Amino acid sequence: MGIKSNNIEAFVTSILMNAATEDNDADNSATDRDEPIRRPRRPLYTPRSSQSSNNATDGADAAENETELTNQLHLLALDRPLIAVPYEVGLSHMRELEHLMEKELLLITGYLSKRIVLLESRELALEKLQRAIERLQHLDSSLRRIDSALEAVVSQLSARVDIFHDEPSLRIGKVDSQFCFDDYRKRVAWVVSEYLLRRGYLRAAVPYVAQEQLNKLVDTELYATADRIYCELLNHQLSGALEWAESNREALVKLNSTFLDDVKVQQVVVRLQDGDITGALSLLKSFGNAMLERCQDSRKLFSAIVLLKVKHKRRQGKSETVESQPGAELAGGTEPAGTTDENTSQDMHGQNVSATPTQSKEDPETEPDDTMPQLTCIYCDGSVNSACAICNRYKNFTSPSRWDTLAAEFYRCIVAMYSLGRQTLLENLMHTGFCAIKSTSCGDHRNATCPACLPEWRQYVDKVPTTIKLDSVLVCPVTGDLMGYDNPPFTSPGGCVISEHGLNTLSRSGDGHLVECPQTRLMVPQEDFTRLFIT
């Protein structure tokens, strides 16, 4: 980009004039270093205290109005998972914006105001100015990108919060005889679509979202990407997971996750299984000291290259051991090719079984793939020796469970990165509802109107804990007996609960008409005791 000389000269002159007006006693310790000018942080929002008002009444009214506003803006715990994704995405953009404004911009302006005025060479000053302008242009493009992204996020959050604001409240005591399901249809469809997307039922979720007009309320693209990478890991493919981990490196570091390191380790293992020693060595050279300290398997790979050899199996019962030779690269690439069945829809919990299983534990009747290359010890005679300490040390590298572990770790990272729950909102609601209505009689005495008694839910309800007790656990303070149908409870006017047997005992100890209340020690007529009913 060319810059006119007159513009540069005017720009330099203005900088020199501004620099001359600065305080001569200012601290110049940061002049020799490219450090940004520090400014004190201030909160984006500071609640106004009621004490700031001169009038005590006005202060109380302001505090009351602020409390009322806070209650109106408060989201229930059940509503948070529905806005978690755009909220976390917006926070990440705000952190990036803060980094650009507090470090990049201040670094450039600090350099222009402190360093460039000390340059004696005009050509060098023009060169430095040219570089500063290029950095400012790059900063401008980054700010525009963040601004457009934040605008989209705010639009999503606004659309979702409007749903909570427009619908009637679902709190206890608010539901009346005019309850109508259509008033909550949008929320119910929202919860169901979130379950379908998170569990990988994309072919059912996409048309359902379009039918219910939920495009601004659900994060279809995010869940589709997560499901694709999850299925790729189950199919022994690393390209998508590696690309995602590289793009989210900083977020993984904040989560103290070693997912990126584990993917790189698995990439080296795949190279070793393919006999590509040269490719494996080139990948090992890219491991930094920080990765070697975090990931134990990355350190084991250096000795694995020396102590292991590749053993190729065949289905006919024959096995062929091929010792890896340096330079024997596989022409097809670094990862084994894998195909995903279009009719397969796997969720991120492994609950959904595909038509063509890709894991050994998904279908016990399916013969496992015994053609997968294995890494055996160079001291063993072409077969894995269970008694060999070296084979046992490195056998987990070729275990199929490593891919399942990678998939599970990826799911945990997605959940933590976007503040999602381990279970979907629909599952939590169903579990809570069954816990509230299930009783010990649901199995023996079925009720047609009880959801917990439905045979379709029998297998699930059996695993749900029972919170409703049909047997009484109330103990009479007078006799020490349990209060139930045979010994019903009674309450005194003073609030003391005793059993019928206890009431008879106190009546016999008195004059037969007045009974001493165990709590207030007052003489109360026996007729004033009221019977209670246990529910």
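What follows draws every value from the coordinates through simple rules; no lab data is involved. The structure presented is a predicted model; accordingly, all values stated were derived computationally and were not measured. Backbone-built Cβ (ideal geometry, glycine too); neighbour counts: all protein chains shown.
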With label points built 7 Å along Cα→Cβ from the Cα atoms of SER399 and LEU100, find their separation and express it in nm.
4.5
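Where does each of LEU234, LEU426 land when they are ranked from fewest to most other beta-carbon atoms within 10 angstrom?
On the way: LEU234 23, LEU426 18.
Least to most surrounded, the residues fall as LEU426, LEU234.
Could you put LYS103, LYS128, LYS264 in order, starting from the residue whose Cβ has the fewest other Cβ atoms within 10 Å? Walk me through the numbers on the way to the answer.
Working: LYS103 12, LYS128 16, LYS264 24.
Ordered by Cβ neighbours within 10 Å, fewest first: LYS103, LYS128, LYS264.
Too long at a 30 Å Cα-Cα cut-off: which of LYS128/LYS254; LYS114/LYS285; LYS103/LYS285; LYS186/LYS438; LYS285/LYS395? Intermediate results must be reported in sequence, preceding the final value.
Working: LYS128/LYS254 35 Å; LYS114/LYS285 41 Å; LYS103/LYS285 32 Å; LYS186/LYS438 28 Å; LYS285/LYS395 23 Å.
Pairs exceeding 30 Å: LYS128/LYS254; LYS114/LYS285; LYS103/LYS285.
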Spelling it out for VAL515: with amide H atoms placed in the peptide plane at 1.01 Å from N, the residues 5 or more places away or on another chain with amide H under 5 Å from its amide H are VAL524, GLN526
Rounded, prolate or oblate for region 213-265? Axes are the square roots of the Cα gyration tensor eigenvalues, ordered a ≥ b ≥ c, and the cut-off for rounded is a/c under 1.5.
oblate
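Net charge around LYS186, counting only other residues with Cβ within less than 15 Å of its Cβ (Lys, Arg = +1; Asp, Glu = -1)? Provide the component values of the computation, followed by the final result.
Working: positive: ARG160, ARG185, ARG187, LYS216; negative: ASP79, ASP162, ASP166, GLU167, ASP182, ASP183, GLU194, GLU212.
Value of the local net charge: -4.
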Once label points are set 7 Å from the Cα along Cα→Cβ at both GLN526 and ASN256, what is their separation, rounded to one decimal in nm?
6.7
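Given the Cα-Cα distance of LYS186 and GLN423 and 0.36 nm per residue of separation, how much length would full extension add, in nm? Each step should come with its number before you reach the end.
Values: separation 237, 0.36 × 237 = 85.32 nm, distance 2.08 nm.
So the chain would gain 83.2 nm between LYS186 and GLN423.
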FRET efficiency for VAL473 and GLN178 from the Cβ-Cβ distance with R0 = 45 Å, rounded to 0.05, comes out at 0.70
If r is the Cβ-Cβ distance from LEU124 to GLU293 and R0 is 45 Å, what FRET efficiency results, to the nearest 0.05?
0.60
